[in-house]
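Read through the structure below, which is laid out as structure tokens, and then see the notes.
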Amino acid sequence: MADTLTWTRAAPEDEPGPGPWIEIAFGEGDDLVHLRETSDPENVVTTTRAKWEAFAKGVRAGEFDHFVTD
């Protein structure tokens, strides 16, 4: 399954280096979103599009800012 997905790296395009980076792939013809880390590409986490969209909206709204340290 993971071999047939098109993965997109969640990092600035001009960012050098191997990461590790988070990658995301949207399943074709299904309701699934797949996430993995570049340093461990065989370990794939899968969720639904609805849950992913709720998470993304929460990130945009700052609901997870308390997890980030400066």
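Only protein heavy atoms count here; under a 1.4 Å probe, Thr4 has an accessible surface of about 110 Å².
Coupling constants for segment 51-67 follow from the phi torsions by the Karplus curve (6.51 cos²θ - 1.76 cosθ + 1.60, θ = phi - 60°), and in residue order they are 5, 5, 5, 5, 5, 4, 5, x, 4, 4, 7, x, 5, 10, 4, 5, 7 Hz; glycine and proline get x. Values of log10 I(q)/I(0) for segment 15-55 across q = 0.16, 0.22, 0.32, 0.35 Å⁻¹ run -0.45, -0.73, -1.05, -1.14, by the Debye formula with one identical scatterer at each alpha carbon and no solvent. Once the convex hull of all Cα atoms in the chain is built, its volume per residue stands at 121 Å³. Near Glu53: Cβ cut-off under 13 Å, other residues only, Lys/Arg at +1 and Asp/Glu at -1. The net charge is +3. Please name whichever of Trp7, Val59, Pro20 sits farthest to the positive end of the charge dipole of the chain, dipole taken about the Cα centre and charges placed at Cβ: Lys and Arg +1, Asp and Glu -1. Value: Val59. Evaluating 6.51 cos²θ - 1.76 cosθ + 1.60 at θ = phi - 60° for every residue in segment 34-40, the Karplus couplings come out as 10, 10, 8, 9, 4, 7, 9 Hz, glycine and proline recorded as x. The relative contact order of the chain comes to 20 percent, based on Cα pairs under 8 Å that sit 6 or more residues apart. Phi angles across segment 4-16 convert, under the Karplus curve 6.51 cos²θ - 1.76 cosθ + 1.60 with θ = phi - 60°, into 3J(HN,Hα) values of 8, 8, 9, 8, 10, 6, 8, 7, x, 4, 8, 6, x Hz, Gly and Pro given as x.
The values are calculated or read from the model by the stated rules, or taken from the named source; none is laboratory data. The structure displayed is predicted, hence computed values, not measured ones. Virtual Cβ from ideal backbone geometry, glycine too; neighbours counted across all protein chains shown. To get the accessible areas, we keep the full protein, side chains included, count just its heavy atoms, and leave off ligands, DNA and RNA. Shrake-Rupley method; radii C 1.70, N 1.55, O 1.52, S 1.80 Å.
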